[in-house]
Amino acid sequence: MSELSTTTGSAHQLMVSASVVNAFLSEPGPRLRPIANRCTASSCPTVYLDADSGTLVVQGFDVPRDQEGVDVPQGESLVRVPIELLVEAMTSLT
């Protein structure tokens, strides 16, 4: 896994650290590991790191396919999450 650089609107750069991701993945725990969550309730928008695939899984509010004008392939979904949640997820991986 290599480093990933992203630039936000304010030109602030975040580098996703392979060592931080590997540390998350090497710890014992559930397959989906929460890395960002914007509330204290048990069910709200959350970003998880999938320990099996090393990919991110996003839990959010459903966006109806017919309302957004986006062609979403079968088996995929659109979800809405606060932008702060994604910033928090990226920050936790740096």
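Just a few scattered comments:
- Residues in the range 16-63 that are among the aliphatic types (A, V, I, L, M) and under 14 Å from the mean Cα position of the chain (by Cα): 16, 21, 32, 35, 36, 47, 49, 51, 56, 57, 58.
- Enumeration of residues in the range 38-52 that are closer than 15 Å to residue 86 by Cβ and modelled with pLDDT of 85 or more: 44, 45, 46, 47, 48, 49
Okay, residues lined up against (1) at pLDDT 85 or above; (2) surrounded by fewer than 16 Cβ atoms within 10 Å (Cβ to Cβ); (3) outside any helix (DSSP H, G or I):
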| site | (1), (2), (3) |
| --- | --- |
| 15 | no, yes, yes |
| 36 | yes, no, yes |
| 54 | no, yes, yes |
| 66 | no, yes, no |
| 70 | no, yes, yes |
| 75 | yes, yes, yes |
| 91 | yes, yes, no |
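The values are calculated or read from the model by the stated rules, or taken from the named source; none is laboratory data. In this text, all values refer to a predicted model and were calculated from it rather than measured experimentally. All Cβ positions, even for glycine, are placed from backbone atoms using ideal geometry, and neighbour counts span all protein chains on display.
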